[in-house]
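See below for the structure under consideration.
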Amino acid sequence: MTGTMESTAVRPARRHRGGARRLVLGALALLVTLSAGALHSQITGEIGDELDVGPRLPDMSFFSAEDVNLQVKSSDDVFAAGARVRVDGTSADHLVVAGGEISLRRVALEDLLAAGGEVALLDGAVADDVVATGGTIRIERAFRIGGSAVVAGGEVRIDAPVPADLRVAAGEIRLDSAVGGDARLSGEKVTLGPHARIGGNLLYRTDNLVIEPGAVITGERRMLPPGEKSALENWGRGAGELSGMLALAALAGFTLLVLAIAAAVPGLMRSTTEFLRTRPLRSAGIGILVALVAPFVIVLLFASVVGVPLALLVAAICLAITPVAVAASAHFIGMEERRLATRADTPPTGWGARLLWPVLGAATILLVGMIPAIGFLAWVLALLFGLGAVASRGGKALAAG
């Protein structure tokens, strides 16, 4: 009699978790199927520990690994992500690259978007615009820019000429090249080297401006007052104020979300935590790749009349998977905190511990996410790492139950 009562009580909960597993698994499978079906003839993609990509002529290419050595001839867009990304002899329409260490040589591009810890643009040509962000950014004199440049980082050195406008925000800026338009420079220290030639106005925000002998400013030189900000800066300030207003609501909502996901799909959470612990860099690379591919899938589906409903469905799936990815990162952080606190390497068995530690992980992400300087980065990393783990382990974990 007791066994019958226990079986009857447990069965609805199992059906509930099984339904959640099937829903998430179906969403993942549908996203992959739609992406492959819509883009099979238009996209080349590779993921691995180390990639040496030789000359080829793909339409659109995506590459992710811990080490990426890229040498591609393409008439379309190329995306690459990894711990170390070396681009040499590559031609493409748009090159989007993200990684810990990034170097570009002998490139021929239409536009460039680069984000990394160390970014070195050594030689080559970009016909139009360059957007770069990172800890340390060097744009050498042999690198040719055909349009404008927007650069943000900790330490920025620009020796390459910029024929249009230049905008830089960094801790320390050194400009030692020609700028055809206006130069808007914001940093703790701004230095104009002897080869600096600004054809337009110099607009700067710093208390430490150094103009070395030989530097030339053709237009107006004006220090921007604290209240005078660009539209982008004003937008960022408004977004920060809004984030502060929503912080308390996010605390409760995010905690409940992690609790619900950890209870509904515990197998998925355990599997993604193990993947993040053993292969963190690969998880980040896959997460970046998925984050870059998904918008292009939606745009390409929207471009065709029959693909609009599919585009809406893919967008809905992406929105549904996003909180699962962040919850996976919260679960991993919580379990790592448990391992450090209790010295226990085996997963917890009781429901209390299974739910308590993920909540502590979620609280850690929220607290770090509220720090003004690094908060946004913390959320982005939580999303990308979790997204890579869910994409890698989601199907097998959910299927296994």
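Placing +1 on the Cβ of every Lys and Arg and -1 on the Cβ of every Asp and Glu, with nothing else charged, gives the stretch 263-382 a dipole about its Cα centre of roughly 240 debye.
What net charge is computed for the residues neighbouring His331, neighbours being all others with C-beta under 15 Å from the C-beta of His331, Lys and Arg scored +1, Asp and Glu -1?
Numbers: positive: Arg270, Arg277, Arg338, Arg339, Arg354, Arg393; negative: Glu274, Glu336, Glu337.
Result for the neighbourhood of His331: +3.
Note on Ile211 and Glu188: the model spin-label points, each 7 Å out from Cα along the C-beta direction, lie 2.5 nm apart. Taking the number of Cβ atoms within 10 Å of each Cβ as an exposure proxy, the fewest-first ranking of Ile371, Ile317, Ile333 is Ile371, Ile317, Ile333.
Rule-based calculations on the coordinates, nothing more; no lab input. These figures come from a predicted structure and were not determined experimentally. Note that each Cβ is placed from the backbone with ideal geometry, even for glycine, and that neighbours are counted across all protein chains shown.
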